[in-house]
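Report on one structure; see the data block that follows.
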Amino acid sequence: MKKILTLASLFFICFATAKSEKSTIIHDILNDYVVQKVDEMQQIIKFSDTQAEQLKKLELRFLLDVQKAENCCFCNPQKRVDKLRAKKYLAAEKILPKYQFIQYKAIDNKEVKRHPEIAE
């Protein structure tokens, strides 16, 4: 009986450790992507460093929430992602002036190219 309890405890500890390592790796990958994305947008749109930091936090939170929504088995992931995207744009609209927000949203929705100089 003690062996079973010990094995079960060991399995639980290994499972919990593996789960936290996986989430840390995903968080790091998403964070790197967000930093690159916002830095590229900052070069194009020319918003301030303070705004960039706020957008990085917003984008990272959005991507983490999207990941949770895609792993949810009780909800419709597409509807949830659409709601999260709308919430992200409302928050971004408060961070950026109107003309910069329009540019941000257009680049984010891939309505315009991020690197117009490359397209020439």
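Values in this text are rule-based calculations from the coordinates and carry no lab data. Worth saying up front: this structure is predicted, and the values here are computed from it rather than measured. Counting neighbours? That spans all protein chains shown, and the Cβs are built from the backbone with ideal geometry, glycine included.
Couple of notes before you dig in:
- When Ile95, Ile102 are checked against the criterion of being touching a residue at least 12 places away in the same chain (Cβ under 8 Å) and aliphatic (A, V, I, L, M), a single residue qualifies: Ile95.
- Residue-level analysis places Glu40 among those that are exposed (fewer than 14 other Cβ atoms within 10 Å of the Cβ), within 16 Å of the chain's Cα centre (by Cα) and assigned to a helix (DSSP H, G or I).
- Condition broken by Phe47, with the remaining ones in (1) touching a Pro at 6+ places or on another chain (Cβ under 9 Å); (2) on the phi > 0 side of the Ramachandran plot satisfied: (2)
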